[in-house]
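Q: Supplied in C-alpha coordinates, the structure appears directly below.
The values are calculated or read from the model by the stated rules, or taken from the named source; none is laboratory data. Given the structure is predicted, the values throughout are model-derived calculations rather than measurements. We place every Cβ from the backbone using ideal geometry, glycine too, and count neighbours over all the protein chains shown. When the accessible area is computed, the model is the full protein with side chains, heavy atoms only, and any ligands, DNA or RNA have been set aside. Shrake-Rupley method; radii C 1.70, N 1.55, O 1.52, S 1.80 Å.
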Amino acid sequence: MTATTIASRGSGSSTSVFPDGFVWGAATAAYQIEGAAAEDGRGPSIWDTFSQVPGNVADGHTGDVACDHYHRYAEDVRLMAGLGLAAYRFSVAWPRILPTGAGRVNAAGLDFYDRLVDELLGHGITPYPTLYHWDLPQALEDAGGWAARDTAARFADFAAVVHDRLGDRVGTWTTLNEPWVAAFLGYCSGVHAPGRRDPAAAFRAAHHLLLGHGLAARALRAAGAAEVALTLNLSPVIQSGDGHEEAARVDALMNRQFLDPALRGRYPEEVLEIAARHGGLGHIRDGDLAVIHQPIDLLGINYYNPSFVSAAPGEPANPAFPGTEGIRFDPPTGPTTAMDWPIEPSGLETLLVRLSRDYPEVGLLVTENGAAFDDHLVDDIDGDAGGDVVKGTVHDDDRIGYLDGHLRAAHAAISAGADLRGYLVWSLLDNFEWAYGYHKRFGIVYIDFETQRRVPKDSALWYRDVIERNGLRSA
Ligand code: FCB
(Lines give C-alpha, C1' and ligand atoms only; values in the text may rest on other atoms or scores of the structure.)
Protein backbone atom coordinates (compact mmCIF):
# COMPACT_ATOMS: atom_id res chain seq x y z
CA MET A 1 0.00 0.00 0.00
CA THR A 2 1.22 3.47 -0.66
CA ALA A 3 0.19 6.89 0.54
CA THR A 4 0.16 9.76 -1.84
CA THR A 5 -0.02 13.48 -1.66
CA ILE A 6 -1.88 14.81 -4.64
CA ALA A 7 -2.60 18.33 -5.77
CA SER A 8 -6.32 18.85 -6.07
CA ARG A 9 -7.20 20.06 -9.52
CA GLY A 10 -7.28 23.78 -10.03
CA SER A 11 -7.06 24.77 -6.39
CA GLY A 12 -3.34 24.56 -5.88
CA SER A 13 -3.99 22.90 -2.51
CA SER A 14 -3.01 19.32 -1.80
CA THR A 15 -4.65 16.40 -0.08
CA SER A 16 -2.93 13.64 1.85
CA VAL A 17 -4.56 10.54 0.44
CA PHE A 18 -4.47 7.27 2.34
CA PRO A 19 -3.95 3.93 0.60
CA ASP A 20 -6.92 2.23 -1.05
CA GLY A 21 -8.71 0.03 1.44
CA PHE A 22 -7.40 1.96 4.44
CA VAL A 23 -9.79 1.09 7.27
CA TRP A 24 -11.49 4.03 8.96
CA GLY A 25 -13.37 3.45 12.15
CA ALA A 26 -13.99 4.15 15.80
CA ALA A 27 -13.50 2.25 19.04
CA THR A 28 -15.25 1.74 22.36
CA ALA A 29 -15.13 -0.79 25.21
CA ALA A 30 -17.90 -2.71 26.93
CA TYR A 31 -17.68 -1.44 30.48
CA GLN A 32 -17.25 2.13 29.30
CA ILE A 33 -20.46 2.30 27.25
CA GLU A 34 -22.85 -0.61 27.73
CA GLY A 35 -24.47 -0.02 31.12
CA ALA A 36 -27.09 -2.70 31.89
CA ALA A 37 -24.61 -3.97 34.43
CA ALA A 38 -26.99 -6.33 36.16
CA GLU A 39 -29.24 -7.20 33.24
CA ASP A 40 -29.91 -10.41 31.36
CA GLY A 41 -27.68 -12.49 33.58
CA ARG A 42 -24.45 -10.45 33.41
CA GLY A 43 -22.19 -11.25 36.35
CA PRO A 44 -20.10 -8.67 38.20
CA SER A 45 -16.70 -7.69 36.87
CA ILE A 46 -13.74 -6.26 38.74
CA TRP A 47 -14.77 -2.82 37.49
CA ASP A 48 -18.22 -3.14 39.09
CA THR A 49 -16.59 -4.02 42.40
CA PHE A 50 -13.84 -1.43 42.14
CA SER A 51 -16.07 1.46 41.09
CA GLN A 52 -18.38 0.84 44.04
CA VAL A 53 -15.62 1.50 46.55
CA PRO A 54 -15.67 5.16 47.58
CA GLY A 55 -12.57 7.00 46.47
CA ASN A 56 -11.66 4.74 43.58
CA VAL A 57 -13.48 6.60 40.82
CA ALA A 58 -14.08 10.34 40.60
CA ASP A 59 -17.40 11.30 42.22
CA GLY A 60 -18.31 7.65 42.76
CA HIS A 61 -19.19 7.17 39.09
CA THR A 62 -19.77 3.61 37.91
CA GLY A 63 -20.53 1.88 34.62
CA ASP A 64 -24.01 0.84 35.78
CA VAL A 65 -25.72 2.90 33.09
CA ALA A 66 -22.87 4.51 31.11
CA CYS A 67 -24.13 5.33 27.57
CA ASP A 68 -26.87 2.73 27.84
CA HIS A 69 -25.45 1.28 24.66
CA TYR A 70 -26.79 -2.16 25.60
CA HIS A 71 -30.26 -0.83 24.82
CA ARG A 72 -29.34 1.86 22.31
CA TYR A 73 -26.90 -0.06 20.14
CA ALA A 74 -29.11 0.23 17.06
CA GLU A 75 -29.19 4.01 17.32
CA ASP A 76 -25.42 4.01 17.83
CA VAL A 77 -24.86 1.87 14.76
CA ARG A 78 -27.00 4.27 12.73
CA LEU A 79 -24.79 7.09 13.97
CA MET A 80 -21.70 5.20 12.85
CA ALA A 81 -23.22 4.56 9.45
CA GLY A 82 -24.03 8.26 9.15
CA LEU A 83 -20.38 9.07 9.70
CA GLY A 84 -19.33 6.57 7.05
CA LEU A 85 -17.36 4.33 9.42
CA ALA A 86 -16.08 1.16 7.79
CA ALA A 87 -15.06 -0.49 11.06
CA TYR A 88 -16.22 -0.55 14.66
CA ARG A 89 -14.01 -1.85 17.44
CA PHE A 90 -15.93 -2.88 20.56
CA SER A 91 -15.18 -5.28 23.37
CA VAL A 92 -17.08 -8.31 24.55
CA ALA A 93 -17.89 -8.27 28.27
CA TRP A 94 -16.59 -11.58 29.61
CA PRO A 95 -19.04 -11.51 32.57
CA ARG A 96 -21.99 -11.19 30.19
CA ILE A 97 -20.96 -14.41 28.49
CA LEU A 98 -19.63 -16.32 31.49
CA PRO A 99 -21.08 -14.65 34.60
CA THR A 100 -18.60 -16.41 36.90
CA GLY A 101 -15.77 -16.41 34.39
CA ALA A 102 -15.98 -20.10 33.54
CA GLY A 103 -18.51 -22.90 33.28
CA ARG A 104 -22.08 -21.87 32.55
CA VAL A 105 -22.56 -19.83 29.39
CA ASN A 106 -25.17 -17.07 29.54
CA ALA A 107 -26.97 -17.23 26.21
CA ALA A 108 -28.52 -13.78 26.64
CA GLY A 109 -25.02 -12.27 26.73
CA LEU A 110 -24.07 -13.89 23.45
CA ASP A 111 -27.40 -12.79 21.99
CA PHE A 112 -26.50 -9.15 22.58
CA TYR A 113 -23.25 -9.34 20.58
CA ASP A 114 -25.03 -11.39 17.95
CA ARG A 115 -27.55 -8.58 17.49
CA LEU A 116 -24.80 -5.96 17.50
CA VAL A 117 -22.75 -7.78 14.85
CA ASP A 118 -25.79 -8.22 12.62
CA GLU A 119 -26.71 -4.57 13.02
CA LEU A 120 -23.17 -3.54 12.06
CA LEU A 121 -23.02 -5.82 9.05
CA GLY A 122 -26.46 -4.66 7.99
CA HIS A 123 -25.00 -1.14 7.80
CA GLY A 124 -21.86 -2.22 5.98
CA ILE A 125 -19.63 -1.82 9.05
CA THR A 126 -17.01 -4.46 9.82
CA PRO A 127 -17.02 -5.60 13.46
CA TYR A 128 -13.64 -5.69 15.23
CA PRO A 129 -14.27 -7.33 18.61
CA THR A 130 -11.71 -7.25 21.40
CA LEU A 131 -12.07 -10.07 23.88
CA TYR A 132 -10.56 -8.44 26.94
CA HIS A 133 -10.90 -4.76 27.69
CA TRP A 134 -10.34 -5.03 31.46
CA ASP A 135 -13.68 -6.33 32.78
CA LEU A 136 -12.47 -9.56 34.38
CA PRO A 137 -15.31 -11.53 36.00
CA GLN A 138 -15.12 -10.88 39.73
CA ALA A 139 -15.26 -14.61 40.45
CA LEU A 140 -11.94 -15.05 38.66
CA GLU A 141 -10.39 -12.18 40.58
CA ASP A 142 -11.56 -13.88 43.78
CA ALA A 143 -9.61 -16.92 42.62
CA GLY A 144 -6.42 -14.85 42.16
CA GLY A 145 -7.18 -12.77 39.07
CA TRP A 146 -4.51 -12.36 36.42
CA ALA A 147 -1.87 -13.05 39.05
CA ALA A 148 -3.12 -16.67 38.92
CA ARG A 149 -2.04 -18.81 35.99
CA ASP A 150 -5.44 -20.46 35.62
CA THR A 151 -6.99 -17.17 34.43
CA ALA A 152 -5.03 -17.48 31.17
CA ALA A 153 -6.66 -20.84 30.41
CA ARG A 154 -10.11 -19.52 31.34
CA PHE A 155 -9.57 -16.63 28.93
CA ALA A 156 -8.86 -19.02 26.05
CA ASP A 157 -12.06 -20.92 26.88
CA PHE A 158 -14.00 -17.64 26.81
CA ALA A 159 -12.46 -16.74 23.43
CA ALA A 160 -13.58 -20.08 22.00
CA VAL A 161 -17.15 -19.60 23.29
CA VAL A 162 -17.44 -16.18 21.67
CA HIS A 163 -15.87 -17.34 18.43
CA ASP A 164 -18.27 -20.24 18.31
CA ARG A 165 -21.18 -17.82 18.21
CA LEU A 166 -19.79 -14.96 16.11
CA GLY A 167 -17.03 -16.61 14.07
CA ASP A 168 -19.23 -16.98 11.00
CA ARG A 169 -19.48 -13.19 10.75
CA VAL A 170 -16.30 -11.84 12.40
CA GLY A 171 -12.96 -12.05 10.61
CA THR A 172 -10.55 -10.13 12.84
CA TRP A 173 -10.27 -11.07 16.49
CA THR A 174 -8.28 -9.07 19.02
CA THR A 175 -7.37 -10.91 22.19
CA LEU A 176 -6.29 -8.25 24.69
CA ASN A 177 -6.47 -4.52 25.05
CA GLU A 178 -3.41 -2.97 26.70
CA PRO A 179 -2.08 -5.72 28.95
CA TRP A 180 0.42 -3.24 30.44
CA VAL A 181 -2.46 -1.17 31.84
CA ALA A 182 -4.37 -4.22 33.06
CA ALA A 183 -1.31 -5.56 34.87
CA PHE A 184 0.46 -2.45 36.17
CA LEU A 185 -2.43 -0.06 36.87
CA GLY A 186 -4.59 -2.94 38.09
CA TYR A 187 -2.10 -4.85 40.23
CA CYS A 188 0.76 -2.43 40.92
CA SER A 189 -0.27 1.23 41.24
CA GLY A 190 -3.83 0.13 42.01
CA VAL A 191 -5.53 3.05 40.27
CA HIS A 192 -7.51 0.61 38.12
CA ALA A 193 -9.48 -2.49 39.08
CA PRO A 194 -8.82 -4.68 40.94
CA GLY A 195 -6.88 -2.00 42.81
CA ARG A 196 -4.02 -4.17 44.07
CA ARG A 197 -0.64 -2.70 44.99
CA ASP A 198 1.72 -5.60 44.63
CA PRO A 199 4.57 -5.36 42.07
CA ALA A 200 5.20 -9.11 42.14
CA ALA A 201 1.53 -9.76 41.35
CA ALA A 202 1.76 -7.25 38.48
CA PHE A 203 4.66 -9.07 36.80
CA ARG A 204 2.79 -12.35 37.19
CA ALA A 205 -0.36 -10.70 35.79
CA ALA A 206 1.58 -9.37 32.80
CA HIS A 207 2.91 -12.84 32.05
CA HIS A 208 -0.47 -14.51 32.46
CA LEU A 209 -2.13 -11.93 30.25
CA LEU A 210 0.45 -12.71 27.57
CA LEU A 211 -0.06 -16.42 28.12
CA GLY A 212 -3.83 -15.88 27.84
CA HIS A 213 -3.22 -14.04 24.57
CA GLY A 214 -1.18 -16.95 23.22
CA LEU A 215 -3.68 -19.59 24.30
CA ALA A 216 -6.62 -17.59 22.96
CA ALA A 217 -4.82 -16.87 19.68
CA ARG A 218 -4.23 -20.59 19.27
CA ALA A 219 -7.85 -21.42 20.09
CA LEU A 220 -9.18 -18.78 17.71
CA ARG A 221 -6.91 -19.97 14.93
CA ALA A 222 -7.92 -23.60 15.50
CA ALA A 223 -11.56 -22.53 15.26
CA GLY A 224 -10.90 -20.88 11.90
CA ALA A 225 -10.43 -17.18 12.75
CA ALA A 226 -9.21 -15.35 9.66
CA GLU A 227 -7.11 -12.75 11.51
CA VAL A 228 -5.81 -12.57 15.06
CA ALA A 229 -4.57 -9.36 16.65
CA LEU A 230 -3.18 -8.03 19.92
CA THR A 231 -3.58 -4.42 21.01
CA LEU A 232 -0.86 -2.73 23.06
CA ASN A 233 -0.56 0.75 24.51
CA LEU A 234 2.74 1.95 23.13
CA SER A 235 4.59 5.13 23.89
CA PRO A 236 7.92 6.27 22.51
CA VAL A 237 10.16 7.02 25.48
CA ILE A 238 12.03 10.27 25.02
CA GLN A 239 15.04 11.09 27.11
CA SER A 240 14.46 14.65 28.25
CA GLY A 241 17.70 15.07 30.18
CA ASP A 242 20.55 12.74 31.00
CA GLY A 243 19.71 9.07 30.93
CA HIS A 244 20.05 6.88 27.88
CA GLU A 245 19.98 3.70 29.95
CA GLU A 246 17.00 5.01 31.94
CA ALA A 247 14.95 5.68 28.80
CA ALA A 248 15.79 2.20 27.53
CA ARG A 249 14.63 0.69 30.83
CA VAL A 250 11.26 2.45 30.69
CA ASP A 251 10.89 1.43 27.04
CA ALA A 252 11.55 -2.18 28.05
CA LEU A 253 8.95 -2.08 30.82
CA MET A 254 6.25 -0.26 28.92
CA ASN A 255 6.70 -1.40 25.33
CA ARG A 256 9.08 -4.32 24.85
CA GLN A 257 7.76 -6.30 27.84
CA PHE A 258 4.81 -7.10 25.57
CA LEU A 259 6.14 -6.64 22.03
CA ASP A 260 9.09 -8.99 22.42
CA PRO A 261 7.34 -12.01 23.96
CA ALA A 262 4.39 -11.75 21.54
CA LEU A 263 6.45 -11.07 18.41
CA ARG A 264 9.89 -12.49 19.24
CA GLY A 265 9.21 -15.19 21.80
CA ARG A 266 11.45 -13.68 24.50
CA TYR A 267 11.43 -11.11 27.27
CA PRO A 268 13.86 -8.19 27.28
CA GLU A 269 16.75 -8.86 29.68
CA GLU A 270 16.00 -5.66 31.65
CA VAL A 271 12.46 -6.88 32.32
CA LEU A 272 13.60 -10.30 33.50
CA GLU A 273 16.14 -8.69 35.80
CA ILE A 274 13.54 -6.33 37.33
CA ALA A 275 10.84 -9.01 37.62
CA ALA A 276 13.37 -11.31 39.28
CA ARG A 277 13.84 -8.67 42.00
CA HIS A 278 10.06 -8.38 42.44
CA GLY A 279 8.87 -11.86 43.34
CA GLY A 280 11.12 -13.94 41.12
CA LEU A 281 10.58 -15.65 37.78
CA GLY A 282 8.97 -18.87 38.98
CA HIS A 283 5.74 -18.06 37.16
CA ILE A 284 7.45 -18.24 33.74
CA ARG A 285 7.42 -21.91 32.85
CA ASP A 286 9.22 -23.78 30.12
CA GLY A 287 7.24 -23.56 26.92
CA ASP A 288 5.27 -20.45 27.89
CA LEU A 289 7.12 -18.17 25.52
CA ALA A 290 6.44 -20.51 22.61
CA VAL A 291 2.73 -20.34 23.45
CA ILE A 292 2.84 -16.56 23.71
CA HIS A 293 4.72 -16.24 20.42
CA GLN A 294 1.81 -17.10 18.14
CA PRO A 295 1.79 -15.71 14.64
CA ILE A 296 -0.50 -12.69 14.60
CA ASP A 297 -1.80 -10.80 11.62
CA LEU A 298 -2.20 -7.38 13.13
CA LEU A 299 -0.67 -5.42 15.94
CA GLY A 300 -3.18 -2.95 17.36
CA ILE A 301 -1.56 0.26 18.53
CA ASN A 302 -3.11 2.56 21.08
CA TYR A 303 -1.15 5.78 20.94
CA TYR A 304 -1.88 8.89 22.95
CA ASN A 305 1.45 10.49 23.82
CA PRO A 306 5.17 9.92 24.22
CA SER A 307 6.77 9.61 27.66
CA PHE A 308 9.56 11.88 28.81
CA VAL A 309 12.07 10.55 31.31
CA SER A 310 15.42 11.53 32.73
CA ALA A 311 17.99 10.20 35.18
CA ALA A 312 17.32 11.45 38.71
CA PRO A 313 19.46 9.70 41.31
CA GLY A 314 17.52 9.07 44.51
CA GLU A 315 14.11 9.23 42.85
CA PRO A 316 11.84 6.40 44.10
CA ALA A 317 10.29 4.04 41.54
CA ASN A 318 7.15 5.26 39.78
CA PRO A 319 4.20 3.38 41.37
CA ALA A 320 3.21 1.91 37.99
CA PHE A 321 6.78 1.04 36.96
CA PRO A 322 8.58 -1.16 39.47
CA GLY A 323 12.29 -1.00 38.73
CA THR A 324 12.39 2.68 37.84
CA GLU A 325 14.28 3.87 40.90
CA GLY A 326 16.46 6.81 39.87
CA ILE A 327 14.23 7.77 36.94
CA ARG A 328 12.02 10.83 36.78
CA PHE A 329 8.92 10.87 34.58
CA ASP A 330 9.02 14.47 33.42
CA PRO A 331 5.86 16.52 33.06
CA PRO A 332 5.05 17.75 29.57
CA THR A 333 6.29 21.20 28.64
CA GLY A 334 4.13 21.71 25.53
CA PRO A 335 0.37 21.66 24.96
CA THR A 336 -1.71 19.01 26.73
CA THR A 337 -5.20 17.52 26.61
CA ALA A 338 -7.73 17.56 29.45
CA MET A 339 -5.95 14.44 30.76
CA ASP A 340 -2.75 16.52 31.01
CA TRP A 341 -1.30 14.23 28.37
CA PRO A 342 1.18 15.90 26.00
CA ILE A 343 0.00 16.48 22.45
CA GLU A 344 2.80 15.14 20.29
CA PRO A 345 1.69 13.76 16.92
CA SER A 346 5.27 13.09 15.82
CA GLY A 347 5.37 10.35 18.47
CA LEU A 348 2.90 8.35 16.38
CA GLU A 349 5.07 8.57 13.28
CA THR A 350 8.16 7.58 15.26
CA LEU A 351 6.31 4.64 16.76
CA LEU A 352 4.83 3.33 13.51
CA VAL A 353 8.13 3.57 11.68
CA ARG A 354 9.96 1.84 14.52
CA LEU A 355 7.42 -0.99 14.68
CA SER A 356 7.59 -1.58 10.95
CA ARG A 357 11.38 -1.67 11.17
CA ASP A 358 11.67 -3.87 14.26
CA TYR A 359 8.70 -6.20 13.68
CA PRO A 360 8.22 -6.11 9.89
CA GLU A 361 6.21 -9.32 9.76
CA VAL A 362 3.09 -7.88 11.38
CA GLY A 363 0.54 -5.45 9.91
CA LEU A 364 -0.28 -2.37 11.94
CA LEU A 365 -3.65 -0.91 12.89
CA VAL A 366 -4.11 2.14 15.09
CA THR A 367 -6.82 0.78 17.39
CA GLU A 368 -7.00 3.89 19.58
CA ASN A 369 -5.99 7.51 19.23
CA GLY A 370 -7.88 10.54 20.39
CA ALA A 371 -8.14 13.14 23.09
CA ALA A 372 -10.25 14.39 25.97
CA PHE A 373 -11.04 18.08 26.00
CA ASP A 374 -13.42 20.18 28.00
CA ASP A 375 -16.39 20.00 25.63
CA HIS A 376 -19.48 22.14 25.91
CA LEU A 377 -22.82 21.45 24.36
CA VAL A 378 -24.07 24.69 22.90
CA ASP A 379 -27.23 25.69 21.13
CA ASP A 380 -26.70 27.29 17.76
CA ILE A 381 -29.06 29.02 15.42
CA ASP A 382 -29.26 26.80 12.40
CA GLY A 383 -28.95 29.06 9.36
CA ASP A 384 -29.90 26.29 6.94
CA ALA A 385 -33.28 26.02 8.58
CA GLY A 386 -34.18 29.67 8.23
CA GLY A 387 -32.29 30.87 11.25
CA ASP A 388 -34.86 29.87 13.80
CA VAL A 389 -34.02 26.30 14.72
CA VAL A 390 -31.85 25.75 17.74
CA LYS A 391 -29.89 22.54 17.88
CA GLY A 392 -27.12 21.24 20.06
CA THR A 393 -23.56 21.26 18.75
CA VAL A 394 -20.11 20.90 20.24
CA HIS A 395 -17.36 23.02 18.75
CA ASP A 396 -14.33 20.90 19.50
CA ASP A 397 -11.65 22.47 17.31
CA ASP A 398 -8.98 21.28 19.73
CA ARG A 399 -9.99 17.66 19.11
CA ILE A 400 -10.06 18.22 15.36
CA GLY A 401 -6.55 19.65 15.64
CA TYR A 402 -5.39 16.65 17.64
CA LEU A 403 -6.87 14.13 15.20
CA ASP A 404 -5.69 16.02 12.15
CA GLY A 405 -2.14 16.17 13.48
CA HIS A 406 -2.08 12.48 14.31
CA LEU A 407 -3.53 11.48 10.95
CA ARG A 408 -0.85 13.54 9.22
CA ALA A 409 1.72 11.68 11.31
CA ALA A 410 0.15 8.35 10.34
CA HIS A 411 0.23 9.39 6.69
CA ALA A 412 3.89 10.35 6.97
CA ALA A 413 4.65 6.97 8.53
CA ILE A 414 2.95 5.17 5.64
CA SER A 415 4.97 7.26 3.19
CA ALA A 416 8.09 6.17 5.11
CA GLY A 417 7.12 2.54 4.60
CA ALA A 418 5.04 1.63 7.67
CA ASP A 419 2.47 -1.07 6.94
CA LEU A 420 -0.42 0.78 8.56
CA ARG A 421 -3.76 -0.67 7.52
CA GLY A 422 -6.24 1.57 9.32
CA TYR A 423 -7.12 4.02 12.03
CA LEU A 424 -9.80 3.74 14.72
CA VAL A 425 -10.50 6.88 16.67
CA TRP A 426 -10.94 6.72 20.44
CA SER A 427 -13.74 7.12 20.97
CA LEU A 428 -17.04 6.99 19.19
CA LEU A 429 -18.90 8.17 22.30
CA ASP A 430 -18.10 10.08 25.45
CA ASN A 431 -17.97 7.35 28.07
CA PHE A 432 -16.87 6.07 31.47
CA GLU A 433 -13.19 7.00 31.51
CA TRP A 434 -12.15 4.52 34.21
CA ALA A 435 -10.90 6.23 37.38
CA TYR A 436 -11.92 9.63 35.96
CA GLY A 437 -15.55 8.58 35.63
CA TYR A 438 -17.60 10.64 33.18
CA HIS A 439 -15.51 13.76 33.63
CA LYS A 440 -13.20 13.14 30.69
CA ARG A 441 -14.87 13.23 27.31
CA PHE A 442 -13.04 11.42 24.50
CA GLY A 443 -15.99 10.98 22.13
CA ILE A 444 -16.47 12.41 18.68
CA VAL A 445 -20.12 12.09 19.67
CA TYR A 446 -21.23 13.96 22.78
CA ILE A 447 -23.38 12.14 25.31
CA ASP A 448 -25.72 14.03 27.57
CA PHE A 449 -25.61 11.51 30.40
CA GLU A 450 -28.85 12.85 31.93
CA THR A 451 -30.95 12.22 28.85
CA GLN A 452 -28.72 9.83 26.86
CA ARG A 453 -29.02 12.17 23.90
CA ARG A 454 -26.26 11.74 21.32
CA VAL A 455 -24.89 14.85 19.59
CA PRO A 456 -22.18 14.46 16.94
CA LYS A 457 -19.44 16.96 17.74
CA ASP A 458 -17.79 19.05 15.03
CA SER A 459 -14.97 16.47 15.09
CA ALA A 460 -17.43 13.74 14.07
CA LEU A 461 -18.51 15.77 11.04
CA TRP A 462 -14.89 16.53 10.23
CA TYR A 463 -14.03 12.83 10.51
CA ARG A 464 -16.93 11.95 8.20
CA ASP A 465 -15.33 14.25 5.65
CA VAL A 466 -11.89 12.68 6.09
CA ILE A 467 -13.37 9.24 5.57
CA GLU A 468 -15.28 10.33 2.52
CA ARG A 469 -12.21 11.69 0.78
CA ASN A 470 -9.93 8.98 2.25
CA GLY A 471 -7.56 11.74 3.21
CA LEU A 472 -6.88 15.13 4.68
CA ARG A 473 -7.19 18.51 3.12
CA SER A 474 -4.05 20.56 2.81
CA ALA A 475 -2.88 22.05 6.08
C1 FCB B 1 -6.86 3.58 26.80
C2 FCB B 1 -7.99 2.61 27.03
C3 FCB B 1 -9.35 3.14 26.68
C4 FCB B 1 -9.50 4.60 27.07
C5 FCB B 1 -8.34 5.41 26.55
C6 FCB B 1 -8.44 6.88 26.85
O7 FCB B 1 -5.81 3.27 27.65
O8 FCB B 1 -7.77 1.43 26.28
O9 FCB B 1 -10.31 2.33 27.28
O10 FCB B 1 -9.65 4.71 28.42
O11 FCB B 1 -7.14 4.92 27.07
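Q: Looking only at the range 5-20, decide whether some residue is of a type outside the set (Asp, Glu), modelled with pLDDT of 95 or more and buried (at least 22 other Cβ atoms within 10 Å of the Cβ). Give the derivation first.
A: Taking the range 5-20 and keeping what is of a type outside the set (Asp, Glu), we get 5-19.
Subsequent filtering for residues that are modelled with pLDDT of 95 or more retains 17-19.
Subset that is buried (at least 22 other Cβ atoms within 10 Å of the Cβ): 18.
Yes, some residue in the range 5-20 is of a type outside the set (Asp, Glu), modelled with pLDDT of 95 or more and buried (at least 22 other Cβ atoms within 10 Å of the Cβ).
Q: Go through the range 161-177 and give me each residue that's of a type in the set (Ser, Thr, Tyr) and within 16 Å of the ligand (Cβ to nearest atom). Quick ask: steps written out before the conclusion?
A: Just the residues of the range 161-177 that are of a type in the set (Ser, Thr, Tyr), to begin with: 172, 174-175.
Scanning the range 161-177 gives 174, 175.
Q: How many residues does the range 245-266 hold that are open to solvent by 60 Å² or more (accessible area, probe 1.4 Å) and either within 16 Å of the ligand (Cβ to nearest atom) or in contact with a strand residue (DSSP E or B) (Cβ under 9 Å, 6 or more places away or on another chain) (or both)? Step through it out loud before you land on a result.
A: So in the range 245-266, the residues open to solvent by 60 Å² or more (accessible area, probe 1.4 Å) come out as 245, 264, 266.
Add one more test, that the residue is either within 16 Å of the ligand (Cβ to nearest atom) or in contact with a strand residue (DSSP E or B) (Cβ under 9 Å, 6 or more places away or on another chain) (or both), and what stays is 245.
Count: 1.
Q: Please indicate, with yes or no, whether at least one residue in the range 387-400 is surrounded by fewer than 16 Cβ atoms within 10 Å (Cβ to Cβ) and touching a Pro at 6+ places or on another chain (Cβ under 9 Å).
A: Checked the range 387-400: no residue is surrounded by fewer than 16 Cβ atoms within 10 Å (Cβ to Cβ) and touching a Pro at 6+ places or on another chain (Cβ under 9 Å).
Q: With the structure loaded, tell me whether residue 337 is modelled with pLDDT of 95 or more and away from the ligand (no atom under 16 Å from the Cβ) or whether it fails that test.
A: Working: modelled with pLDDT of 95 or more: yes; away from the ligand (no atom under 16 Å from the Cβ): no.
In short, no.
Q: Okay, next question. If I filter the range 50-63 for residues that are part of a helix (DSSP H, G or I), surrounded by fewer than 22 Cβ atoms within 10 Å (Cβ to Cβ) and β-branched (Val, Ile, Thr), do I get at least one hit?
A: Quick first cut of the range 50-63, residues part of a helix (DSSP H, G or I) only: 50-51, 58-60.
Okay, now just the ones that are also surrounded by fewer than 22 Cβ atoms within 10 Å (Cβ to Cβ), so 58-60.
Adding the requirement that they be β-branched (Val, Ile, Thr) leaves none.
No.
Q: Moving on. Yes or no: the range 410-418 includes at least one residue that is within 15 Å of the ligand (Cβ to nearest atom), part of a loop (DSSP other than H, G, I, E, B) and more than 19 Å from the chain's Cα centre (by Cα). Give the derivation first.
A: Residues of the range 410-418 within 15 Å of the ligand (Cβ to nearest atom): none.
Looking for residues that are within 15 Å of the ligand (Cβ to nearest atom), part of a loop (DSSP other than H, G, I, E, B) and more than 19 Å from the chain's Cα centre (by Cα), one finds none in the range 410-418, hence no.
Q: Something else now. Quick check, is residue 467 surrounded by fewer than 20 Cβ atoms within 10 Å (Cβ to Cβ) and either of a type in the set (D, E, K, R) or more than 16 Å from the chain's Cα centre (by Cα) (or both)? It would help to see each step written out before you state the result.
A: On the way: surrounded by fewer than 20 Cβ atoms within 10 Å (Cβ to Cβ): yes; either of a type in the set (D, E, K, R) or more than 16 Å from the chain's Cα centre (by Cα) (or both): yes.
Yes; evaluated as a whole, the condition is true for this residue.
Q: A follow-up question, please. Can you find, within the range 24-41, the residue that is nearest to the ligand (Cβ to nearest atom) among those that are assigned to a loop (DSSP other than H, G, I, E, B) and in contact (Cβ under 8 Å) with a residue 40 or more places away in the chain? First the steps, then the outcome.
A: Start the filter on the range 24-41 by keeping residues that are assigned to a loop (DSSP other than H, G, I, E, B), which leaves 28-29, 34-41.
Cutting the leftovers down to in contact (Cβ under 8 Å) with a residue 40 or more places away in the chain gives us 28-29, 34, 40-41.
Working: 28: 8, 29: 5, 34: 13, 40: 23, 41: 24 Å.
Taking the candidates together, the pick is 29.
Q: Search the range 415-441 for residues that are in contact (Cβ under 8 Å) with a residue 60 or more places away in the chain and farther than 20 Å from residue 181 by Cα and pair each with any residue that is within 11 Å of the ligand (Cβ to nearest atom) and in a helix (DSSP H, G or I) when their beta-carbon atoms are under 7 Å apart and the residues are at least 6 apart or on different chains.
A: Close Cβ pairs satisfying both conditions: 429/33.
Q: Also, quick follow-up: Taking the conditions exactly as written (within 16 Å of the ligand (Cβ to nearest atom) and either farther than 30 Å from residue 344 by Cβ or open to solvent by less than 60 Å² (accessible area, probe 1.4 Å) (or both)), does residue 232 satisfy them or not?
A: Numbers: within 16 Å of the ligand (Cβ to nearest atom): yes; either farther than 30 Å from residue 344 by Cβ or open to solvent by less than 60 Å² (accessible area, probe 1.4 Å) (or both): yes.
Yes, satisfied.
Q: Among the residues in the range 395-407, are any away from the ligand (no atom under 16 Å from the Cβ), more than 28 Å from residue 229 (Cα to Cα) and modelled with pLDDT under 95?
A: No, the range 395-407 contains no residue that is away from the ligand (no atom under 16 Å from the Cβ), more than 28 Å from residue 229 (Cα to Cα) and modelled with pLDDT under 95.
Q: Report those helices (runs of 4 or more DSSP H) wholly inside the range 73-160 carrying at least 2 residues which are open to solvent by 10 Å² or more (accessible area, probe 1.4 Å), in contact (Cβ under 8 Å) with a residue 24 or more places away in the chain and of a type in the set (A, V, I, L, M, F, W, C). Give the steps one after another, and end with the answer.
A: Numbers: elements: 94-97, 107-122, 138-142.
In the range 73-160, 107-122, 138-142 are the helices (runs of 4 or more DSSP H) which contain 2 or more residues that are open to solvent by 10 Å² or more (accessible area, probe 1.4 Å), in contact (Cβ under 8 Å) with a residue 24 or more places away in the chain and of a type in the set (A, V, I, L, M, F, W, C).
Q: Also, I was wondering about something else. Quick one: residue 189 ticks every box in (1) surrounded by 24 or more Cβ atoms within 10 Å (Cβ to Cβ); (2) within 16 Å of the ligand (Cβ to nearest atom); (3) touching a residue at least 40 places away in the same chain (Cβ under 8 Å); (4) not acidic (Asp, Glu) bar one, so which box is it?
A: (1)
Q: Output the residue which, of all residues in the range 446-468 that are out of contact with any Cys (no Cβ under 9 Å at 6 or more places or on another chain), touching a residue at least 24 places away in the same chain (Cβ under 8 Å) and under 18 Å from residue 63 (Cα atoms), is nearest to the ligand (Cβ to nearest atom).
A: In this case the residue turns out to be 446.
Q: What residue, among those in the range 419-440 that are closer than 13 Å to residue 58 by Cβ and surrounded by fewer than 24 Cβ atoms within 10 Å (Cβ to Cβ), is nearest to the ligand (Cβ to nearest atom)? Show your work before the answer.
A: Going through the range 419-440, the residues closer than 13 Å to residue 58 by Cβ turn out to be 432-440.
Now narrow it down to the ones that are surrounded by fewer than 24 Cβ atoms within 10 Å (Cβ to Cβ): 433, 435-440.
Details: 433: 6, 435: 10, 436: 9, 437: 12, 438: 12, 439: 12, 440: 8 Å.
Taking the candidates together, the pick is 433.
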